[in-house]
Amino acid sequence: MDDNICRGKTQPQELWNRIKQESGYAGEDIDFVSFWVKHFKPNLQVHKLIKDVSRNHPVGLLTNIYPGVYPKAVETGNIPDLPYAFVLQSCDTGFVKPEKQIYELAQEMSGQKPSDILLIDDNSTFIAPAQEMGWKTYIFNTINPDTSVASLRNGFAL
């Protein structure tokens, strides 16, 4: 079901309805997207990195995401509110990472040569298609974000 939500084929609220039904939950109803976003924990060091990078480089977002999550995440400060070069949400395309089509769309939207694109992701499965297309890639370590941020700032002259 998660894959279908990320593809925009199923609404997130349907997941909540299924959870209620399968668990026998009879309590208060919730707006699943608001509930989901409320439990995000932003990494402010990463936010600062993205803001700093965006001063000299175009920054785009390529994300597997549920419909409605992105605007709420920006509104709540969980995603930095920046003038992104593009925002490509899987739920708007019908494709999800690691499918090649979503990377092709991102490359087209970026207007950049493959060798000028840097994809930062915490999932090595999502990195592989970008590498095959000639993108630079970096696997972000979510367990030790300080090291990843420092490495990105030093290694890529960001």
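Residues in segment 119-135 that are in contact with a helix residue (DSSP H, G or I) (Cβ under 7 Å, 6 or more places away or on another chain) and of a type outside the set (A, V, I, L, M) were compared, and the one that is surrounded by the most Cβ atoms within 10 Å (Cβ to Cβ) is Trp135.
Among the numbered conditions (1) in contact (Cβ under 8 Å) with a residue 24 or more places away in the chain; (2) in contact with a helix residue (DSSP H, G or I) (Cβ under 7 Å, 6 or more places away or on another chain); (3) on the phi < 0 side of the Ramachandran plot; (4) not hydroxyl-bearing (Ser, Thr, Tyr), the only one that Gly68 does not meet is (3). Listed conditions (1) β-branched (Val, Ile, Thr); (2) surrounded by fewer than 18 Cβ atoms within 10 Å (Cβ to Cβ); (3) at pLDDT 95 or above; (4) in contact with a helix residue (DSSP H, G or I) (Cβ under 9 Å, 6 or more places away or on another chain) are all met by Val74, apart from (4). Contact map, segment 1-28: first residue on the phi < 0 side of the Ramachandran plot, second residue among the aromatic types (Phe, Trp, Tyr), Cβ cut-off under 6 Å, separation 6 or more or different chains; pairs are Ile5/Tyr66; Pro12/Phe32; Pro12/Tyr66; Gln13/Phe32; Trp16/Phe32.
Inside segment 103-139, residues that are touching a residue at least 40 places away in the same chain (Cβ under 8 Å) and closer than 17 Å to Ile50 by Cα make up a count of 2.
Counting only residues that are more than 19 Å from Val33 (Cα to Cα) and among the charged types (D, E, K, R), segment 58-104 holds 4 of them.
Looking at Val53, Val33, which one is touching a Phe, Trp or Tyr at 6+ places or on another chain (Cβ under 7 Å) and in contact (Cβ under 8 Å) with a residue 12 or more places away in the chain? Can you show your working first?
Working: Val53 fails: touching a Phe, Trp or Tyr at 6+ places or on another chain (Cβ under 7 Å).
On inspection, the qualifying residue turns out to be Val33.
The values are calculated or read from the model by the stated rules, or taken from the named source; none is laboratory data. As the structure is a computational prediction, the values presented were derived from the model and not from experiment. Note that each Cβ is placed from the backbone with ideal geometry, even for glycine, and that neighbours are counted across all protein chains shown.
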